[in-house]
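Asker: The structure that follows is given in the form of structure tokens.
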Amino acid sequence: MIKAQAILAFIAMVVSGGAYAQNIDGLYQPSAANWSCSPDQVGLDGGALAIQNGIFEGVENRCDLTNPQSSGRGTEFTAVCSAEGTTYEQQMTITPTANGVSIQRDGFTSYWKRCESAPASANTASPPQGSWGYDNGTAFIVAANNSFELSCEPYSASSTYPTARLSAPCPTCFPMETSTYTLRVDGRFSKDYEFERVSNAEGSISGLDYYPLWNEGLVTALMAGSVLEVIEQGNVIATFPLAGSSRAIDQLRQRCN
């Protein structure tokens with residue numbers, strides 16, 4: 001009887017692991033970049049990123065994904081990683097999105113798009129489909145290979161919250177460079193914000209705590225509006241639907257406060 005139970009437990013583990021792999025396995029590139037999707041360039045700077053057979057491969061970073069546990073819409077793993085001759089463990093949550101996966105670790109969330117997904121134009125006549133979500137202190141939306149999020153994570157040591165992160169195409173941007181974006185909601189709310197480029201893979205970040213956001217301004221507009229447009233020098237570079245934003249941002253406000 002004990003032997004039979006052990007066999008059933010092993011089968012359940014294999015089936016469960018197979019389900020996780022089926023959802024997330026594939027070749028990827030950062031959502032705001034145009035990297036190589038060649039399988040022979042996996043792990044190289046500017047090469048393909050991969051999740052295959054329980055192995056996570058980033059840029060010069062490789063992790064074995066162990067102990068999968070369901071976590072909201074995604075799966076939390078204990079990642080046993082090696083990089084630059086060092087081995088370490090960290091918790092990593094991988095969640096399927098409409099065109100790829102979101103990856104949360106070390107308090108940060110990054111977004112990868114599947115290589116087989118053709119990039120869509122950000123300047124569309126109608127808003128792309130998608131709905132806002134909330135996870136661990138971050139309210140976020142992913143649409144048309146772009147992403148926008150608000151989080152409790154401080155922008156700097158002297159900052160409070162919220163902080164905004166934008167991932168959208170910017171082939172001429174360089175790390176640490178500051179750009180001014182206009183965030184416009186339904187053509188009514190419109191305000192300029194300074195965003196600092198982190199990297200092509202991680203997009204740009206802004207300390208929105210310099211503005212009265214929780215009770216007026218951008219946050220209120222996002223919760224009540226229908227469409228968010230990101231504008232640079234008069235051109236719409238990204239468009240995000242605001243379906244589900246009220247609930248997601250309300251959860252964020254409760255967490256941040």
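The values are calculated or read from the model by the stated rules, or taken from the named source; none is laboratory data. Note that this is a predicted model, so its numbers are computed, not measured. Glycine gets a Cβ as well: all are built from the backbone with ideal geometry, and neighbour counts include every protein chain shown. Heads up: the accessible areas ignore ligands, DNA and RNA and are worked out on the full protein's heavy atoms, side chains in. Shrake-Rupley method; radii C 1.70, N 1.55, O 1.52, S 1.80 Å.
Asker: Consider Cys81 against the criteria (1) hydrophobic (A, V, I, L, M, F, W, C); (2) open to solvent by 10 Å² or more (accessible area, probe 1.4 Å); (3) in contact with a Cys (Cβ under 8 Å, 6 or more places away or on another chain); (4) modelled with pLDDT under 90: it satisfies all of them except one. Which criterion is unmet?
Answerer: (2)
Asker: While we're here: Looking only at region 31-69, filter to residues that are in a strand (DSSP E or B), open to solvent by 20 Å² or more (accessible area, probe 1.4 Å) and touching a helix residue (DSSP H, G or I) at 6+ places or on another chain (Cβ under 9 Å); which one of those is modelled with the lowest pLDDT?
Answerer: Once the filter is applied, the top-ranked residue is Gln52.
Asker: For region 222-252, give me the residue count where each residue is part of a strand (DSSP E or B) and open to solvent by 50 Å² or more (accessible area, probe 1.4 Å).
Answerer: The qualifying residues number 1.
Asker: Checking Ala164 against (1) modelled with pLDDT of 85 or more; (2) aliphatic (A, V, I, L, M); (3) under 11 Å from the mean Cα position of the chain (by Cα), which test does it fail?
Answerer: (3)
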